[in-house]
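Since the structure comes first, as structure tokens, the remarks are kept for the end.
Computed from the coordinates by the stated procedures, all read-outs in this text should not be read as laboratory data. Since the model is a prediction, treat every value here as computed from it, not as a measurement. Positions of Cβ are backbone-derived with ideal geometry, glycine not excepted, and every protein chain shown enters the neighbour counts.
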Amino acid sequence: MSTPTTAGAAQVELAIGGMTCASCAARIEKKLNRMDGVEATVNYATEKAKVTFSADIPVADLIATVEATGYTAAEPEPERPAASGGADGGGGPTDEEKADEELRPLKQRLVTAVALAVPVIAMAMVPALQIEYWQWLSLTLAAPVVTYAAWPFHRAAWTNARHGAATMDTLISVGTVAAFLWSLWALFFGTAGTPGMTHPFEFTIARTDGAGNIYLEA
């Protein structure tokens, strides 16, 4: 809910969704401040935007500007008074419960990524673990990490690309996809898929054709 400040001005605090790094907050802040009669400060940590604007500007226009930047915005719900009586107080979910609900999918992706990535990294770094067809096992384990577990990064990178911007999500998405696609090429069209192929753990500057190298641990 917007509140009046000085004559002809009002202030509102918007809840921002979809931010993944500080540069996202900077982009939203820049877009809002480009509007005539608007001064905005976006806090990435609290996911809030404090906006002072001319009273003749609808809050819906502020929200539309944020959404056009690739994020979500809404006026925070008013705090509900604590209900008396009853074990659960008769109220809805608390802010902490809402936060836990929002984080649950991310925690599931994290657990999946850790469980599947550790064996891939171990096989890539320890030649003794490179059993026959280890490279295909690595592909099987790495595929869900690059697709399912990393999906929020890819989604954010695509959103930023549509708006002509790049963030850390872009770096992560491009890097992992490039490593995965090269590994696919090396496995199916190069020599990396040959049974018995191994990757010795060594430091060298010798040139190779790259057809026998995979980077699934990346």
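Please give the peptides 27-36, 56-65 ranked by average Cβ packing (other Cβ atoms within 10 Å per residue), highest first, as a rough proxy for protection. Working shown, then result.
Working: 27-36: 16.5, 56-65: 14.5.
The most tightly packed comes first, giving 27-36, 56-65.
Placing dummy labels 7 Å off each Cα toward the beta-carbon, the span from residue 161 to residue 96 is 4.1 nm.
Note the full-extension length gain between residue 213 and residue 111 as 0.36 nm times their separation in residues minus their Cα-Cα distance, in nm to one decimal. Display every interim value, and only then the final one.
Working: separation 102, 0.36 × 102 = 36.72 nm, distance 2.75 nm.
Full extension of this stretch gives 34.0 nm more.
In summary, the lysines within cross-link reach of residue 107, defined as a Cα separation below 18 angstrom excluding same-chain residues under 8 places away, comprise 98.
Here the relative contact order of region 113-184, from alpha carbon pairs under 8 Å that lie six or more residues apart, stands at 25 percent. Could you work out the Kirkwood radius for region 100-143, taking every pair of different alpha carbons, averaging 1/r and inverting it, reported in Å? Every distinct Cα pair counted, the radius reaches 11.5 Å. Residues in region 179-188 carry Karplus couplings, in order, of 5, 5, 5, 4, 4, 4, 4, 5, 6, 8 Hz; the curve used is 6.51 cos²θ - 1.76 cosθ + 1.60 with θ = phi - 60°, and Gly or Pro positions show x. Cross-link partners for residue 30 among the lysines, with Cα-Cα distance under 16 Å and sequence neighbours closer than 8 places in the same chain left out: 48, 50.
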